1. Can you tell me the relative contact order of segment 1-85? Whole percent, Cα pairs under 8 Å, sequence separation 6 or more.
2. Between residue 100 and residue 28, what FRET efficiency comes out of the Förster formula 1/(1 + (r/R0)^6) with R0 = 30 Å and r the beta carbon distance, rounded to 0.05?
3. Separation between the residue 160 and residue 90 pseudo-spin-labels, each 7 Å from Cα along Cα→Cβ, expressed in nm?
4. To two decimal places, what compactness ratio does segment 101-172 give when its Cα radius of gyration is scaled by 2.2 N^0.38 Å?
5. Once label points are set 7 Å from the Cα along Cα→Cβ at both residue 135 and residue 152, what is their separation, rounded to one decimal in nm?
6. Given a Förster radius of 25 Å and the C-beta distance between residue 44 and residue 9 as r, what FRET efficiency does 1/(1 + (r/R0)^6) yield to the nearest 0.05?
7. Using only alpha carbon pairs under 8 Å that are at least six residues apart, calculate the relative contact order of the chain and give it in whole percent.
8. Per residue, what volume in Å³ does the Cα convex hull of the chain take up?
Amino acid sequence: MVDCRPAETPIVVNHGLKIEEDAKLADRECYQRLVGKLIYLSHTRPDIAYAVGIVSQFMHKPQVQHMEATMRIVRYLKGSPGKGIVFQKHRHLEVTSYTDADWAGNPVDRRSTSGYFTLVGGNLVTWKSKKKKVVVLSSAKAEFRGIAKGLAEILWIKKLLTEIGFPPQDAC
């Protein structure tokens, strides 16, 4: 991996990863160990959270295609060593959240993935990307569920900041 070519993104668009019949299996223990390390690393590198969530779905029976996708994440990390969470001092405590969702994005079970990230004073403090447990029947419903999770996070952070004596500013 020292001389590998870095990847520009952690996962390809429309990756289509799934378990295929008669595909060659990867070393399960090696795969699980590598994905576990990537899960740990994603706590400080939210840019890989989605890709790690995808490859972690194949821990029980990893195939060569899954290992290749996992190694792409490693190649992406090699090409982006300076990225991560950096806090900057700002003169405000405005709480902002951004959300997004897909609709039936998983080709196998048609479940959606939604996510959000929250900024306090312009600094990233929380993020989450999660595959839904149920199939939603419209893109609007998938988006609304993601928005509800992001809004709940904003309310929790605002209450926390107020409780510790730093009331947040409301956006104009």
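Each reported figure results from applying straightforward, stated rules to the coordinates on display, with no laboratory input. Worth saying up front: this structure is predicted, and the values here are computed from it rather than measured. Cβ sites come from the backbone with ideal geometry, for glycine too, and all protein chains shown count toward neighbours.
1. Answer for segment 1-85 is 50 percent.
2. 0.40
3. Reported label-point gap for residue 160 and residue 90 is 1.7 nm.
4. This ratio for segment 101-172 stands at 1.33.
5. Those two pseudo-labels are separated by 2.4 nm.
6. 0.85
7. 20 percent
8. Cα convex hull per residue, to the nearest whole number: 145 Å³.
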